[in-house]
Amino acid sequence: HADSSYNRGSDLPKALTDQVVMVDTSPFSHLPTLDLSIVVVSFNTRDLLLDCLESVQTNTIGLESEIFVVDNASIDGSADAVSKKFPQIQLIRNQENKGLSSAANQAFRESRGRFVVLLNSDTVLMENSFFKIVQFLNENEEFSVLSPQIIDQSDHPFPMRLWQDSPEDALLKILGKYNPADEFKGMVGKGPREVEAVGGSCFFIRRTIMESVGLLDEKHFLYNEEDDFCRRTRKAEQKICYFPETSVKHLLGQSTHQPEHREKVIVETYKSNLYFYSKYYSCGWNFILRSLYKVTFLAGLVRSAFRHLTGSATQSADDSLRLKLKLLFSP
């Protein structure tokens, strides 16, 4: 790194001020000496996390790799269980929930892989998927981001949006009219192919693109981080790949649907969406989407109030009057 005193050219001999000072802007602390760095962010999914790590160790063969687990202040003993069962894994214990992007970046900065993969804690590898992916990326250098096919517990493909998120998509989601099943239409076809975006449950990234565009945007506490990174990747004229030649099983939503944390998930998702809109959509669309959110919050407040009056309200965050009011009057 360059010493800050080099900026004070008037105080230095001319011979020094004429020299070009190279500043190391890499987000990484170490050189890439391994094939792959596997990063799992954990939050209160101990048993699923242990199954995930077991599957990774069993099914990752033929690669020089390392595994990071970043625990976001779990209270279910996740960190201790990892430390005991997998002492070779690099464990980062956070004292607070820093969100997905921030926690993942902690591991990315310390990683030594030519590729990194952000893997959900509620996923399971069924075969040597990572070897297949690394081999493909080694042979196809034009791709900097990749996702394999994601399947559910019944081995059926999960829908994955392979196009860039649009304001129209956001509008349908706010209204509750967005149908994920429509995403299957964009998944039709065989073999690896270039797409505009991929999902984040098994998110492969070439290290060099992170050196170019930076790490995940930490203003996204939860959700939108992969969409944001895909946009930055394409802006840098690098390609994104959907790779259905191998599959990873995903037990969808196990981290985000914990009842005791559901309210925070709803609030952080709303804030992340607003930030994403402000970053990529026009002022007009921002006004429309923000206004539409307020209308849906007001309608939700009326419905919840009616259920409370009739005694049919549940104890879930979805019927919380306090949460509805908080969202309605939030900036």
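Structural remarks
- Between region 129-186 and region 263-331, the Cα center-to-center distance that results, in Å: 26 Å
- Nearest-ten-degree value, helix 283-310 long axis tilted from longest Cα axis of the chain: 40 degrees
- The lysines within cross-link reach of K326, meaning a Cα-to-Cα straight distance under 25 Å and a gap of 8 or more places when in the same chain, are K98, K173, K177, K219, K264, K271, K279, K294.
- Between helix 129-139 and the chain: long-axis angle, C-alpha atoms, 0 to 90°, nearest 10: 50 degrees
- Of the trypsin sites (Lys or Arg not before Pro) found in region 164-204, those in coil by DSSP whose Cβ has at most 11 other Cβ atoms within 10 Å are K177, K190.
- The angle between the Cα long axis of helix 46-59 and the longest principal axis of the Cα atoms of the chain comes to about 40 degrees, rounded to the nearest 10.
- Of the GluC sites (Glu not before Pro) found in region 46-113, those in coil by DSSP whose Cβ has at most 16 other Cβ atoms within 10 Å are E64, E96.
- Per residue, the chain reaches -12500 deg cm²/dmol at 222 nm when only DSSP H runs of four or more residues are counted, each adding -39500 (n - 2.57).
- For region 169-267: Kirkwood Rh in Å [reciprocal of mean 1/r, alpha carbons]: 15.8 Å
- M210 contributes about 0 Å² of solvent-accessible surface, heavy atoms of the protein only, 1.4 Å probe.
- Residues of region 202-238 falling in the label zone of S26, defined by backbone nitrogen less than 12 Å from a point 7 Å along Cα to beta-carbon, are 207-208, 211-212.
- At an R0 of 30 angstrom, the distance between the Cβ atoms of F184 and F287 translates into a FRET efficiency of 0.40.
- Accessible surface for the chain, divided over its residues, is 51 Å² per residue with a 1.4 Å probe.
- For K249, the lysines whose Cα comes closer than 17 Å to its Cα, not counting residues fewer than 8 places off in the same chain, are K132.
- Loop-located GluC sites (Glu not before Pro) across region 140-183 with a Cβ neighbour count of 11 or fewer within 10 Å are E141, E142, with loop assigned by DSSP.
The values are calculated or read from the model by the stated rules, or taken from the named source; none is laboratory data. Because the structure is a prediction, the values reported are computed rather than measured. Cβ sites come from the backbone with ideal geometry, for glycine too, and all protein chains shown count toward neighbours. Surface accessibility is based on the protein's heavy atoms, side chains included, excluding ligands, DNA and RNA. Shrake-Rupley method; radii C 1.70, N 1.55, O 1.52, S 1.80 Å.
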